[in-house]
Amino acid sequence: MDLKLRGKTAVITGGARGIGKAIVLTFASEGANLVIGDIDLHEAQLVADMARAADVRALAIRADVTRPKEVKKMVGETMDQFGRLDILINNAGIVYVNGEPTTRRLFQDLKEDEDYSPELNIILHGTIICTRAALPSMLKAKSGSIVNIVSEAGLTAGLPGSTMYSAGKGGVVAFSRTLANELAPSGIRVNCVAPGLTKTTRMERLESSADKDAKTAAYAKLTYDQVVARTPLGRMGTPWEIANAAVFLASDASSFTTGQTLVVSGGSFMY
Ligand code: NAP
């Protein structure tokens with residue numbers, strides 16, 4: 001299957017590590033030029049170097065998705081350097097199942113927006129801010145593909161303590177469907193990928209207690225074991241499996257698909 005990505009430009013937010021990094025490198029292997037936006041410029045630059053090894057052009061930019069000015073700058077530099085922006089992957093986000101008991105607070109214990117704004121800001125507002133910034137060039141080109149990385153928690157009941165995460169992800173799913181409807185006449189598609197539990201380096205380190213205390217590591221492992229136990233395919237996903245789904249939805253191989261959410265979770269949730 002020819003994904004027809006050679007020469008296209010893809011912007012990936014949160015592309016410095018985890019799922020975003022796998023998406024960047026999968027695009028690179030298909031010949032797309034890349035812009036990696038992340039709050040961690042150093043790691044983003046390392047990923048850009050890895051992408052260039054696949055003989056594509058890659059640019060790393062420090063961009064916090066919650067800051068419209070930084071996002072506008074990222075899109076401006078994309079257009080200056082590559083002259084086109086074909087694909088936007090809204091991936092930057094918070095990983096909820098991170099094993100840190102302090103983040104597992106029930107809704108009834110949250111204090112006004114100081115507690116719930118950060119998650120909604122990154123997940124929902126960040127997606128809206130980046131989409132708004134990328135749209136003018138896609139509208140001008142009368143083509144484009146936007147893929148939003150959501151979560152099972154936005155589609156079904158999340159674990160207790162994840163209300164704001166779920167609200168953000170569910171909001172992105174709803175936003176994506178209606179946006180897909182609005183943008184279809186302009187030749188722009190909008191889809192989502194909903195990963196289940198995915199084994200990134202960050203997850204592995206938490207589970208092995210490499211950078212957290214033993215209590216947190218045990219908590220993380222217990223959570224992961226419970227999720228795997230209810231997953232028909234019997235394991236966590238890999239970042240590469242999520243990346244394959246995202247790159248498929250971003251490419252012309254899915255040209256008749258819009259407004260959809262592809263769940264990549266080993267069957268733990270069947271949509
Ligand atoms: P990750 O390993 O934490 O990577 C996320 C990247 O985004 C990091 O480089 C992070 O930087 C960056 N980032 C965080 N806030 C940002 C901001 N405001 N602006 C720009 N970049 C920002 O996470 P992941 O596991 O790959 O997750 C990627 C996406 O998949 C997220 O949307 C997540 O909610 C979703 N997801 C993940 C899983 C899973 O099991 N891993 C499951 C379902 C959904 P720092 O590291 O410096 O914060």
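Mind checking which residues of segment 140-159 are among the hydrophobic types (A, V, I, L, M, F, W, C) and not in a helix (DSSP H, G or I)?
Answer for segment 140-159, where residues must be among the hydrophobic types (A, V, I, L, M, F, W, C) and not in a helix (DSSP H, G or I): 146, 147, 149, 150, 155, 157, 159.
Which numbered condition trips up residue 160, out of (1) touching a Lys or Arg at 6+ places or on another chain (Cβ under 8 Å); (2) over 23 Å from residue 267 (Cβ atoms)?
(2) is the only condition that residue 160 fails.
Within segment 9-47, how many residues turn out to be out of contact with any Phe, Trp or Tyr (no Cβ under 8 Å at 6 or more places or on another chain) and either of a type in the set (Val, Ile, Thr) or surrounded by fewer than 24 Cβ atoms within 10 Å (Cβ to Cβ) (or both)? Outline the logic, then answer.
First, pick out the residues of segment 9-47 that are out of contact with any Phe, Trp or Tyr (no Cβ under 8 Å at 6 or more places or on another chain): 11, 13-21, 23-25, 27-32, 36-47.
Next, from what is left, pick out any that are either of a type in the set (Val, Ile, Thr) or surrounded by fewer than 24 Cβ atoms within 10 Å (Cβ to Cβ) (or both): 11, 13, 17-19, 23-25, 29-31, 36, 39-43, 45-47.
Qualifying residue count, segment 9-47: 20.
Just need a number here: residues in segment 24-53 that are in contact with a helix residue (DSSP H, G or I) (Cβ under 8 Å, 6 or more places away or on another chain) and within 20 Å of residue 245 (Cβ to Cβ).
The qualifying residues number 10.
So, in segment 84-118, how many residues would count as being open to solvent by 50 Å² or more (accessible area, probe 1.4 Å) and modelled with pLDDT of 95 or more?
1
Does residue 236 qualify as being within 11 Å of the ligand (Cβ to nearest atom) and at negative phi?
yes
Given the condition within 24 Å of residue 38 (Cα to Cα), within 11 Å of the ligand (Cβ to nearest atom), over 14 Å from the mean Cα position of the chain (by Cα) and part of a loop (DSSP other than H, G, I, E, B), answer yes or no: does some residue in segment 121-133 qualify?
No, segment 121-133 contains no residue that is within 24 Å of residue 38 (Cα to Cα), within 11 Å of the ligand (Cβ to nearest atom), over 14 Å from the mean Cα position of the chain (by Cα) and part of a loop (DSSP other than H, G, I, E, B).
Here's the yes/no breakdown for (1) more than 27 Å from residue 107 (Cα to Cα); (2) crowded, with 23+ Cβ neighbours inside 10 Å; (3) touching a Ser or Thr at 6+ places or on another chain (Cβ under 7 Å):
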position: 140; (1), (2), (3): yes, no, no
position: 149; (1), (2), (3): no, yes, no
position: 158; (1), (2), (3): no, no, yes
position: 173; (1), (2), (3): no, no, yes
position: 180; (1), (2), (3): yes, no, yes
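The values are calculated or read from the model by the stated rules, or taken from the named source; none is laboratory data. Source: prediction; values computed, not measured. For neighbour counting, all protein chains shown are included, and Cβ atoms are generated from backbone atoms with ideal geometry for every residue, glycine included. SASA here: full protein model, heavy atoms, side chains in, ligands and nucleic acids out. Shrake-Rupley method; radii C 1.70, N 1.55, O 1.52, S 1.80 Å.
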